[in-house]
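Working notes, beginning with the structure itself.
The values are calculated or read from the model by the stated rules, or taken from the named source; none is laboratory data. Bear in mind that the values here come from a model prediction, so they are computed numbers and not experimental data. Please note: Cβ atoms are built from the backbone with ideal geometry, for glycine as well, and neighbour counts cover all protein chains shown.
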Amino acid sequence: MSPSSRIPAMDVLRGCAVMGILWMNITAFALPQSAYSNPAAAGPLSGGDIAFWAASLILVDGKMRGLFAMLFGASMLLLIDREEMAGRNGARTQMVRAGWLFAIGVAHYLLLWWGDILMLYALVGLVALLFAQREPLALVKAAFLLFLLHFLLVAGFIASLYAWSHAPGDAQGFTRFIAALSDPGSPAIRQEIALYRGDFLPILRHKLAGLPGDWLWSFTMTALETLGFMLLGMAMLKGGFLTGRWNADQYRRTARHCFAIGLPPMIALALWVWWSGFAPLSALGTALAWSFPFRIPLSVGWAALILWLLARAPGHALVARLAAAGRLALSNYLGTSLLMTAIFYGWGLGNFAHVRPAALPLFVVAGWAAMLLWSQPYVRRFAVGPAEWLWRSLVRAQPQKIRRSS
């Protein structure tokens, strides 16, 4: 998308989303994977550790990812329109883009971080193409059908774990599974810590060995949800919501209603997990399934809140910096993976599992500062970010212009 055709409101939303994703991803960068859903896997918890987990679960987990997926779906429509106005086949270009995005995602997964979302977006985006011509109401209906199917899938998985816990046959297997979810002294968690405190090549070999199974499992647990949010984003673009065309009061009322729907049950779920002593099935069930219905209004609520603030203060200095970070969303996403793995993995500074959850916001704020400080000066001189330039050049099969015209 050329600079002149950009939609400032969507750039700001995208900047906020990529920053919010760092808040949630920081746990998976710095601690064993199980700590993402259950902080008990990181060891004895302080009040600060619990507060960070609760704030993440209630306000951020899945909500920024949902916002990012909505923006991805909306951007697909804008790119298709732009291609067709230029006399090219918009759907075909989008498929080529998806193929190269998948390749970038594979490189990101193998070389930097196991939590890549680019491969997921590339494949799910191809399915979303089938819905591009639908009217907003039809898109919303399809999105909520997908949300229902996703909830049934993840709730069924959690129910199967509860059934396993009461099955007479494999008590030792279930005990090992539960320990890997919550016991920092379990062999699985100790092995994970040793791996990520080690050198680059063992980490790469581990990810190569687990790529088909581990990635397919993650894809299965997230694809329907992601597709639903992409279709919701398409509907919100067609209705003018994401482009900032609503007035400030409409955004304020939408944000108020969405947070009123989503926040009380999320707070109740956090209290339930805490009162359970971070019981593994309670924590995992909340992270995967029980919180999901409230993730939908809260994702929309965050978008409405950000757009309301933008409508109230469009000339604020922070707005330009957020928009610049949003224009460089792919570069910022990959850049934070490089920065955080260099801080926490053994091939870098080796801080993996050495930093308590309560201290992780310090790294998030540092990452936010880096995004906001470099993005704006960069976009003054360059038309696209370095990762965006690579992606665009691969799609066009020739190097694209990166510098702005003088």
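Observations
- Some residue of the range 109-122 being under 19 Å from A342 (Cα atoms), free of Cβ contacts under 8 Å to residues at least 24 places away in the same chain and hydrophobic (A, V, I, L, M, F, W, C): no
- Checking the stated criteria, V12 turns out to be modelled with pLDDT of 95 or more and surrounded by 23 or more Cβ atoms within 10 Å (Cβ to Cβ).
- Odd one out for F344 among (1) within 26 Å of P44 (Cα to Cα); (2) surrounded by fewer than 21 Cβ atoms within 10 Å (Cβ to Cβ): (2)
- Matching residues, the range 89-109, being surrounded by fewer than 16 Cβ atoms within 10 Å (Cβ to Cβ) and of a type in the set (K, R): R92
- Taken over the range 251-278, the residue count meeting the criterion of being touching a Gly at 6+ places or on another chain (Cβ under 6 Å) and within 16 Å of F292 (Cα to Cα) is 2.
- Whichever residue in the range 22-34 is surrounded by fewer than 24 Cβ atoms within 10 Å (Cβ to Cβ) and at pLDDT below 95 and, among such residues, is nearest to P357 (Cα to Cα): M24
- For the range 277-305, filtered to residues that are in a helix (DSSP H, G or I) and among the hydroxyl-bearing types (S, T, Y), the residue that is modelled with the lowest pLDDT is S282.
- Residues located in the range 81-108, provided they are free of Cβ contacts under 8 Å to residues at least 12 places away in the same chain, over 30 Å from H206 (Cα atoms) and either in a helix (DSSP H, G or I) or aromatic (F, W, Y) (or both): D81, E83, E84, M85, G90, R92
- Selection count, the range 114-147, where residues are more than 20 Å from the chain's Cα centre (by Cα) and of a type outside the set (S, T, N, Q): 14
- Set L67, L45, L78, L57: member being of a type in the set (A, V, I, L, M, F, W, C) and surrounded by 24 or more Cβ atoms within 10 Å (Cβ to Cβ): L67
- Summed over the range 305-320, the residues that are touching a residue at least 60 places away in the same chain (Cβ under 8 Å) and crowded, with 17+ Cβ neighbours inside 10 Å give a count of 6.
- Verdict on L271 being in a helix (DSSP H, G or I), modelled with pLDDT under 95 and within 27 Å of L152 (Cβ to Cβ): no
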